[in-house]
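Participant: I have a structure here, written as structure tokens, and I will follow up with some questions on it.
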Amino acid sequence: MPLITWNKNLSVNVPDLDAQHQKLIGMINDLHDAMAKGQARNMLKPLLDRLIQYTVTHFRYEEQYMQQIQYAKLAEHKGEHERLTNQVQNFAQKFDSGELSVTIEIMNFLRDWLTNHIQRVDKQYTPQAAAAKN
Ligand code: FEO
């Protein structure tokens, strides 16, 4: 069973960005599945690296998009991306050093880390994105 299921509440109403968010959710679910199957650490690591890499790619893309629509809260949103990137990189470093294993707590952290950001921060640009389409 997937850890996160995409639903309308997670939509920002921008197709490219919704697709990227869905891909990120898929990556968290893959990591969760691998963990649930008891995969070894060396199998989890590439999945975690892929998630971090794509997170950074997504944040950059989204920031360019917000710049294009001249989003008023761009600086604030970028700051939040920086904070989230640091958080997940810090987590990956602890995983690398053996301080942490991928546990259900960590998976819940990643789930909340992503879904809270989409619902509380990303969705704030939706009205301006809709206006920019007109
Ligand atoms: Fe979709 Fe602000 O990350």
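The values are calculated or read from the model by the stated rules, or taken from the named source; none is laboratory data. Quick caveat: nothing in here was measured; it's all calculated off a predicted structure. Cβ: placed from backbone, ideal geometry, glycine included. Neighbour counts: every protein chain shown.
Participant: Residue check: is Lys94 basic (Lys, Arg), farther than 30 Å from Ala131 by Cα and loosely packed, with under 15 Cβ neighbours inside 10 Å?
Facilitator: In short, yes.
Participant: Within the group Gln89, Gln93, Gln124, which residue is at negative phi, at pLDDT 95 or above and either among the charged types (D, E, K, R) or outside any loop (DSSP other than H, G, I, E, B) (or both)?
Facilitator: Testing whether each residue is at negative phi, at pLDDT 95 or above and either among the charged types (D, E, K, R) or outside any loop (DSSP other than H, G, I, E, B) (or both) leaves just Gln124.
Participant: Of the conditions (1) within 16 Å of the ligand (Cβ to nearest atom); (2) exposed (fewer than 13 other Cβ atoms within 10 Å of the Cβ), Gly26 fails just one. Which one is it?
Facilitator: (2)
Participant: Which residue out of Glu99, Glu63, Glu76 is among the acidic types (Asp, Glu), at pLDDT below 95 and out of contact with any Asp or Glu (no Cβ under 9 Å at 6 or more places or on another chain)?
Facilitator: Going through Glu99, Glu63, Glu76 in turn, just one is among the acidic types (Asp, Glu), at pLDDT below 95 and out of contact with any Asp or Glu (no Cβ under 9 Å at 6 or more places or on another chain): Glu99.
Participant: Where the second residue is more than 10 Å from the ligand (Cβ to nearest atom) and of a type in the set (A, V, I, L, M, F, W, C) and the first is farther than 14 Å from Asp122 by Cα and lies in region 57-71, which pairs have Cβ atoms under 9 Å and are six or more apart or on separate chains?
Facilitator: Gln68/Ala132; Gln70/Ala132
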